[in-house]
Amino acid sequence: NSTIGVIGSGQLGRMLAIAAAQLGYRCHVYAPETGPANDVAPLFTEGAYDDEAALSAFAAQVDVVTYEFENIDAEAIGALPRVHPHPRAVAVAQDRLVEKDFVTKLGGRTAPYAPVPDRAALDQALSRIGAPAILKTTRFGYDGKGQARLSSPADADIAWAAIGARPAVLEGLVAFDHEYSVLLARAADGAVALYDPPENVHRNGILDRSTLPAPAIVAAQFAEASALARAIADALDYVGLLACEFFASADGPVFNEMAPRVHNSGHWTIEGADASQFENHVRAICGLPLGSTALTAPRVEMANLIGDEAADWPRLLAEPGLHLHLYGKHEPRPGRKMGHWTRLAE
Ligand code: ATP
Ligand code: MG
Ligand code: MG
């Protein structure tokens, strides 16, 4: 009968609130704007994501605070009581340079990378990393936004302008066979539960599909990748669901990035695992034991409905055994995640 405070009003908060309701918890959403989560949980709109006074007024009204996106002020939430996951996870995950340095120190393998605080540094970075490469803003990038690919050093000016001339990281292009994610839940007592890794396929920089089981090369690298994810979680004293994206390369798992929250590549767990990522996040932050992450079917597929694709919902709804999720967003803008479906198979 306690109340969970969720910072952020997107579909992740919405699905979190639905899972919380099943376990008897209420959610209260902190967001300056309305969003999918507000349909299922009341909204607290008194401040912005960096407003310390409003955040602490919010925290005073709830029993535990969590968040569904990482572009919040790490210091502001660091000052709040009872925040899970640990605000340090936000500080690390919201800055690609900090994140890569952090993972490298833990012994993880990343793409070759170099800091690009300004235009001059881009030339230096290119001479170190070479081309092809990807320039990514250190902060606020998602769904492939804030990124530019360079096929040669001659693309430097265009790429720098394309990302808005903001502090960035230059990454070498990783030759990978497959992409996958490690979805890990860590309880307050340090217990860890791992989901089977989905293979993730992106389209236009946005997650398109997650499929299980993943190809054999992913299974072969999963022990090493999940050991790194566990080391990250332990180092951050992490409580909740942590998602780490990896490339399966010939050299082994290459860490791409992490999300200190429930993740799109874990949506399949709602029907495809005993306890979903949302339920395990709620269990962890509320001090309950973690639930089973076992698959409920041998094969699971999740597909995002991006932009216009959600207009197809009557056809999807008619398919027996297809689990349709719509987020209640009104305007289907291009590239906008409107919903998803999950299909289980023998
Ligand atoms: P998300 O929505 O997952 O947060 P993002 O905008 O943070 O996405 P990334 O995950 O960094 O972006 O990159 C998006 C996609 O671009 C990756 O999933 C991968 O397919 C490709 N990509 C990114 N970095 C590299 C790299 N160094 N080498 C090869 N491909 C890459
Ligand atoms: Mg990202
Ligand atoms: Mg990503």
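Taking first residues from the stretch 139-158 that are among the β-branched types (Val, Ile, Thr) and partners that are at pLDDT 90 or above and more than 9 Å from ligand 1 (Cβ to nearest atom), the Cβ contacts under 8 Å between residues at least 6 apart in sequence or on separate chains come to Ile158/Ala148. Taking the criterion of being of a type in the set (S, T, N, Q) and in contact with a Gly (Cβ under 9 Å, 6 or more places away or on another chain), the residues of the stretch 157-213 that qualify are Ser181, Asn204, Ser210.
Taking the residues in the stretch 235-253 that are crowded, with 23+ Cβ neighbours inside 10 Å and of a type outside the set (Phe, Trp, Tyr) as candidates, determine which candidate is nearest to ligand 2 (Cβ to nearest atom). This residue is Cys244. The condition (being of a type in the set (A, V, I, L, M), within 13 Å of ligand 1 (Cβ to nearest atom) and outside any loop (DSSP other than H, G, I, E, B)) is satisfied by just one residue among Ala193, Ala248, Ala227, Ala223: Ala248. Residues in the stretch 126-150 that are away from ligand 3 (no atom under 12 Å from the Cβ), at negative phi and of a type outside the set (S, T, N, Q): Leu126, Arg128, Ile129, Ala131, Pro132, Ala133, Leu135, Arg139, Ala148, Arg149, Leu150.
Residues checked against (1) closer than 29 Å to Arg336 by Cα; (2) in a strand (DSSP E or B):
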site	(1), (2)
Val201	yes, yes
Ala214	yes, no
Val218	yes, no
Cys244	yes, yes
Arg283	no, no
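For the stretch 216-258, the tally of residues that are charged (D, E, K, R) and under 12 Å from the mean Cα position of the chain (by Cα) stands at 2. Among Ala188, Ala161, which is the only one that is in a loop (DSSP other than H, G, I, E, B), away from ligand 1 (no atom under 11 Å from the Cβ) and either without any contact (Cβ under 8 Å) to a residue 40 or more places away in the chain or assigned by TED's automatic domain parsing to the domain that holds Ser265 (or both)? Selected residue: Ala188, the only one of Ala188, Ala161 that is in a loop (DSSP other than H, G, I, E, B), away from ligand 1 (no atom under 11 Å from the Cβ) and either without any contact (Cβ under 8 Å) to a residue 40 or more places away in the chain or assigned by TED's automatic domain parsing to the domain that holds Ser265 (or both). Is it true that Leu305 is modelled with pLDDT of 95 or more, among the hydrophobic types (A, V, I, L, M, F, W, C) and either within 23 Å of Leu212 (Cβ to Cβ) or crowded, with 24+ Cβ neighbours inside 10 Å (or both)? Spelling it out, Leu305 is indeed modelled with pLDDT of 95 or more, among the hydrophobic types (A, V, I, L, M, F, W, C) and either within 23 Å of Leu212 (Cβ to Cβ) or crowded, with 24+ Cβ neighbours inside 10 Å (or both). Can we say Glu52 is over 20 Å from Tyr142 (Cβ atoms) and either of a type outside the set (D, E, K, R) or not assigned by TED's automatic domain parsing to the domain that holds Gln277 (or both)? Answer is yes for this residue. Residues in the stretch 120-146 that are in a strand (DSSP E or B) and either farther than 15 Å from Val174 by Cα or in contact with a Ser or Thr (Cβ under 6 Å, 6 or more places away or on another chain) (or both): Thr137 alone. Given the structure, is Arg261 among the charged types (D, E, K, R), under 16 Å from the mean Cα position of the chain (by Cα) and assigned to a loop (DSSP other than H, G, I, E, B)? So Arg261 passes the test.
The values are calculated or read from the model by the stated rules, or taken from the named source; none is laboratory data. Fair warning: this is a prediction, and the values are worked out from it, not measured in the lab. As a convention, Cβ positions derive from the backbone with ideal geometry for all residues, glycine included, and neighbour counts pool all protein chains shown.
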